Amino acid sequence: MINNIEVLINSWLRDLILWGPNMEIYITRNDMLTMTGAAAVGSGIVNLLGATGDNICLSNFNTDVFTMVEGRQAAAPSTSVMERLVYGNRSNRKRMAILLYVMAEIHDLLLRHSSCTYRELYYRNIYLPCNVWQINKAVEDVASVLGQTPWNMGVFGTGKGMIAGPLFIHMNNGDIIECNKTNTPTMIPPQFTHIDHFETTAHLVLVVEKDTIFKKLIANNIFSIMQGKLILLTARGNPDLSTRWLLSKLVNEHNLPIYMLADADPYGIEIMLTYRFGSKKYSQYAHQLATPQLKWLGIHPSDITYNLQIPQEILSEMDYRKINSVMRRNYIPEEICRELMVLQQHGFKAKLDNMSGQNFALFINDYIINKIKRQVVL
């Protein structure tokens with residue numbers, strides 16, 4: 001990877017001198033779950049086509065997701081979306097400069113066997129006026145060029161996941177992170193690829209959508225009720241990469257059953273689906289980030305009509321649009337589609353945050369425990 005970065009930087013600088021404002025870059029992305037199209041450009045070779053049309057073999061990069069040319073467009077996967085950058089354009093010129101800066105920083109990280117966060121990359125930049133979003137986008141572009149993930153290049157997001165229960169996380173450097181202090185949950189390490197293995201006596205994992213419910217479960221003695229055999233985890237909303245990666249590795253390493261507790265609304269259901277199937281953005285890395293073994297414990301929309309003592313809210317227009325959007329995805333299981341239809345027809349949603357303290361204690365024993373025992377899950 002280091003050699004590829006060096007070749008790419010040198011080639012860009014050389015061709016910038018040769019072609020000046022006429023230099024063009026085409027960034028091609030493929031959002032398909034199965035990457036296709038390498039044959040169209042020939043065995044992973046990225047081509048530079050100069051103004052004369054001469055074909056210059058650059059290096060063995062991953063052209064499934066990135067094709068770069070000068071002067072005219074090279075072949076690209078038929079399912080790709082292509083973006084054209086021209087050095088003569090001011091905004092494009094700035095973006096190319098940010099790409100070069102990010103590549104140089106990643107090159108330095110790899111040489112030093114180090115790592116950093118996206119935000120650290122932003123603060124290290126003292127030369128280019130840009131924002132965090134532009135740095136993040138440049139990292140994703142460089143990852144596409146190299147056929148790598150940002151985390152394999154040493155760039156990580158800021159972790160936000162929390163975990164508690166009988167678990168010891170063994171890191172590559174010999175450090176051990178103890179997660180068994182249930183009153184003070186442990187932050188999931190953002191540098192997740194540094195995790196070597198796990199040690200646990202747990203019998204199952206319970207993933208919770210929100211940190212408010214995570215804390216409520218701890219306050220209501222969920223660990224005592226489950227006899228200390230439970231690992232509790234939350235990403236505090238939409239799951240970040242470190243939480244998803246850790247969950248997938250933990251479940252696969254120890255073959256643990258895993259359940260998800262989320263609100264009975266379209267956004268809670270979508271978060272559950274992200275844990276189970278992964279996200280479109282990182283679909284090509286679903287084998288590392290998705291946990292298809294995950295079972296949806298609740299709240300199911302079909303449960304709302306029962307006596308759960310949860311205040312209900314009317315679905316908004318945005319909620320209806322989200323329901324329709326999720327139902328159009330071709331990988332959604334039929335039983336989950338049925339629950340989305342129930343939600344749509346009922347016209348109301350239910351959030352666990354709205355449940356009173358007394359009812360929540362009953363909810364743990366009557367709903368969570370019984371559903372796990374009877375395996376009333378989707």
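Here, each number is a calculation from the coordinates, and none is a lab measurement. Small disclaimer: the values here were computed from a predicted structure and weren't measured. Counting neighbours? That spans all protein chains shown, and the Cβs are built from the backbone with ideal geometry, glycine included.
Annotations
- Here the Karplus curve 6.51 cos²θ - 1.76 cosθ + 1.60, taken at θ = phi - 60°, turns the phi angles of segment 232-237 into couplings of 10, 9, 8, 9, 6, x Hz, with x standing for Gly and Pro.
- Sparse-neighbour loop sites [trypsin sites (Lys or Arg not before Pro); segment 170-248; at most 11 other C-beta within 10 Å; DSSP]: K181
- Debye log10 I(q)/I(0) for segment 218-306, one point scatterer per Cα, at q = 0.15, 0.20 Å⁻¹: -0.61, -1.02
- Relative counts (whole %) of C-alpha pair distances in segment 286-333, using bins that are 5 Å wide: 4, 13, 15, 22, 21, 14, 7, 2
- Gyration tensor (alpha-carbon) shape descriptor, segment 194-244, a/c threshold 1.5: oblate
- Shape analysis of segment 287-378 places it in the oblate category; the axes a ≥ b ≥ c from the Cα gyration tensor give an a/c of at least 1.5, with a/b not above b/c.
- Here is the list for segment 84-140: trypsin sites (Lys or Arg not before Pro) lying in DSSP coil, each with at most 11 other C-beta atoms within 10 angstrom of its C-beta, are R112.
- Within segment 304-353, the chymotrypsin sites (Phe, Trp or Tyr not before Pro) that combine a DSSP coil assignment with at most 11 other C-beta atoms in a 10 angstrom radius are Y306, Y331.
- Taking Cβ atoms as reference points and 12 Å as the exclusive limit, the residues near W133 contribute a net charge of +2, counting Lys and Arg as +1 and Asp and Glu as -1.
- Kirkwood hydrodynamic radius of segment 81-200, from the reciprocal of the average inverse Cα-Cα distance over all distinct pairs: 16.3 Å.
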